[in-house]
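J.: Quick one: the structure is below, questions incoming.
Bear in mind these aren't lab numbers, they're just calculated from the coordinates by the rules spelled out. What you are looking at is a predicted structure, and each value in this text was computed from that prediction instead of being measured. So basically every Cβ, Gly included, is an ideal-geometry build from the backbone, and we count neighbours across all protein chains shown.
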Ligand SMILES: Nc1ncnc2c1ncn2[C@@H]1O[C@H](COP(=O)(O)OP(=O)(O)OP(=O)(O)O)[C@@H](O)[C@H]1O
Ligand SMILES: [Mg+2]
């Protein structure tokens, strides 16, 4: 029998390909460093940001692409991940948890919020679901802004008074960073020798690993019992219910797992920036992620990876740096070219929807041509 | 023979329209039962009540001594009720094999972490499920179509795939809503033999909605006629065929009078 767990077609060429990709991934940051010196454009930090967005988009792709649930407020989970990390590591809270522990807790907390936010939307379909998720996407940053000073009373008794949980719109800073003192001790290095700070090359590798964890999970899930159930719900929720798939559990699993990817990415992002503000998780972030998923190809994990890198880098390097550099020199000195960002994405979306509604890299196309039937009648097969 | 399903005084109303009206109905183990009746008689609605899509407005449905009124469809699938649809409802963008695998969903054990890390037990379970799905496709005559998108299959094959998917749930009671609709006489003949085979080889009880009288009269152990949600006749095919109320329901009173002349 054919191996159903999809081995690469040829071991050698398969391995060779992976080795080449690995080499590319490893030398990329050093090459980018050189390029940065040459061109004066920020590259590594933009690629880091792009890879964070890829991890986020993978989570959204589970919800939207695999399970078919249109979520317009997905940035809420990004915020929850980042702020959980903030609460756990912001010095004023006196927890200062280790980065390596905190990021998993953030993923878990985001997953729990995925279920909490997902639960009231379970009976909604299509447009209604989109509107409710949109609202949640607005509520979470608003909540973060208002929890900078909150008082909780219960039946006249003050339980918590003027507590500063999120530091309101000033944001949380500084935040915890990965700590390698044990390695410093182990190798007898100077204290602080492995202090990563904002070193973009370190963060590049940290984010590559994070994205790989997310990518691995997404690939495995896509081709699994749960992944099939998601796709069945997407194709026909009622029929799936009749075939023994519980739509409620299946959708909650999509919300939870999608959110956990986002929680993990949010935590790493928060640590890299060292500072987070409610403004980082605005509605536009949800829309940007949705654009990545839709332009790349809903339900296509490799598509979202490639498309996400291209779109987010295009956004961060070309739209944010190269274009202003070209135009603001002499042509349009006063004009804020970056305000055209959404025009670009809008046009891109329209063009794709007209010419390639499945997205740039749709899921592996399944055999659609008809081979000559092997057995003509229902009886035939059994008797032959 | 024992009774596997019993509907007691089941009604389902949509506002003022009573689609199924205080219906008593029993299904014996290992039997083929047909429900016939004019369009809009309430046949599909009765299916939807039995499979948990609608909660009966009054009355109750008992399956293997267990009151199932109010259970969700997926819960009933787990305890052995499966169905096909009057208008085909496959998972169009999934392959034939994946469609069948969905039918096995409730029998597979892997959870989220099993799905991600794929320990040997999960690998074995998946491999076995894929193989079993292939066998089921073979059983319904779809060998060679395993990796084809459901939407790309010809109509008759889609009907078979729906049956394979339903069989994958390992039902005790299989409900088929007009399985021969849109089929040519040859395909219909195949379907008759196939339904018999299902009962005999898979130890199933079958509940069938069918408009093709030839099919109904050939394979049914029991035929029930519904009209305006009410049972107007029930019995062995030959008895029902002669029943004046049935002729009247189908052809109208005047036709009956003309026939009598
Ligand atoms: N969801 C619904 N809401 C309102 N009325 C409905 C609904 N479903 C069915 N009906 C009505 O209930 C009656 C019975 O419909 P049902 O589909 O059960 O008929 P049927 O016997 O299966 O007919 P057909 O042979 O055409 O398939 C019809 O009058 C139909 O219009
Ligand atoms: Mg019907």
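J.: If the convex hull of the alpha-carbon atoms of segment A:1-154 is projected onto planes in all directions, what is the mean projected area in square nanometres?
T.: Dividing the Cα hull surface by four gives the mean projection, 16.1 nm².
J.: Taking the Cβ-Cβ separation of residue A:161 and residue A:139 as r and a Förster radius of 35 Å, what is the calculated FRET efficiency to the nearest 0.05?
T.: 0.90
J.: With label points built 7 Å along Cα→Cβ from the Cα atoms of residue B:14 and residue B:28, find their separation and express it in nm.
T.: That separation, rounded to one decimal, is 3.4 nm.
J.: Just order A:103-112, A:317-326 by mean Cβ neighbour count inside 10 Å, highest at the front, would you?
T.: A:103-112, A:317-326
J.: With only alpha-carbon pairs counted, each pair once and no self-pairs, how large is the Kirkwood hydrodynamic radius of segment B:91-170 in angstroms?
T.: 12.8
J.: Hey, another quick one. Out of all DSSP beta bridges with both ends in the protein assembly as shown, state the antiparallel percent to the nearest 5.
T.: Counting only bridges with both partners in the protein assembly as shown, antiparallel ones make up about 60 percent.
J.: Using 11 Å as the cut-off for backbone N distance, which residues of segment A:190-232 belong to the label zone defined by a point 7 Å from the Cα of residue A:19 along Cα→Cβ?
T.: none
J.: Cut-off 10 angstrom, C-alpha nodes, Gaussian network model of chain B. Which of B:24, B:190, B:115 fluctuates the most?
T.: B:115
J.: Report the extension gain between residue A:37 and residue A:306 in nm, rounded to one decimal, defined as 0.36 nm multiplied by the number of residues separating them, less their alpha carbon distance.
T.: Taking residue A:37 through residue A:306 to full extension adds about 94.3 nm, to one decimal.
J.: Given a Förster distance of 51 Å, report the FRET efficiency between residue A:343 and residue B:241 from their Cβ-Cβ distance, rounded to the nearest 0.05.
T.: 0.10
J.: Kirkwood hydrodynamic radius, segment A:17-383, all distinct C-alpha pairs: what's the number in Å?
T.: Final number for the Kirkwood radius of segment A:17-383 is 22.4 Å.
J.: If I build a Gaussian network model for chain A, linking alpha-carbon pairs within less than 10 angstrom, which residue out of A:315, A:190, A:246 has the largest mean-square fluctuation?
T.: Judging by the Gaussian network model, the answer is A:190.
J.: Could you sort B:17-23, B:119-125, A:53-59, A:273-279 so that the peptide with the highest average Cβ count within 10 Å comes first and the rest follow in order?
T.: Averaged packing, sorted descending, gives the order A:53-59, B:17-23, A:273-279, B:119-125.
J.: Roughly how large, in nm² to one decimal, is the mean projection of the convex hull of the alpha-carbon atoms in the protein assembly as shown?
T.: 39.7
J.: To continue, here is another question. Put one equal scatterer on each alpha carbon of chain B, apply the Debye formula with no solvent term, and list log10 I(q)/I(0) at q = 0.09 1/Å to two decimals.
T.: Values returned for q = 0.09 Å⁻¹ are -0.44.
J.: Compare A:173, A:39, A:313 in a GNM of chain A, Cα atoms joined below 10 Å, and give the one with the largest fluctuation.
T.: A:39
J.: Output the Kirkwood hydrodynamic radius of segment A:100-164, Cα pairs only, in Å rounded to one decimal.
T.: When all Cα pairs of segment A:100-164 are included, the Kirkwood radius is 14.3 Å.
J.: A further question follows. Restricting attention to the alpha-carbon atoms of segment A:64-196, what are Rg (one decimal) and Dmax (integer), both in Å?
T.: Rg, Dmax (Cα atoms, Å): 18.9, 60.
J.: A follow-up question, please. As a test of the definition: which semi-axes, in Å, follow for segment A:110-257 when you take the square root of five times each eigenvalue of its alpha carbon gyration tensor? Largest first, please.
T.: Square roots of five times the eigenvalues give 37, 29, 13 Å.
J.: Measure nothing fancy, just the Cα-based angle from helix B:185-202's long axis to the longest principal axis of chain B, in degrees from 0 to 90, nearest 10.
T.: 70
J.: With the cut-off at 1.5 for a/c, could you classify segment B:133-203 from its C-alpha gyration tensor as rounded, prolate or oblate?
T.: The shape class here is oblate.
J.: Quantify how strongly other chains surround peptide A:223-233 by giving the mean number of their Cβ atoms within 10 Å of each of its Cβ atoms.
T.: Counting Cβ atoms of other protein chains within 10 Å of each residue's Cβ and averaging gives 6.
J.: Another one. Taking the Cα centroid of segment B:171-216 and of segment A:208-268, what is the distance between the two, rounded to the nearest whole Å?
T.: Answer, in whole Å: 36.
J.: Once you have the alpha carbon radius of gyration of segment B:1-139, what is it after dividing by 2.2 N^0.38 Å, with N set to its residue count?
T.: In units of the 2.2 N^0.38 Å rule of thumb, it is 1.28.
J.: Once fully extended, how much extra length lies between residue A:98 and residue A:199, figured as 0.36 nm per residue of separation less the alpha-carbon to alpha-carbon distance?
T.: Value of the extension gain: 34.5 nm.
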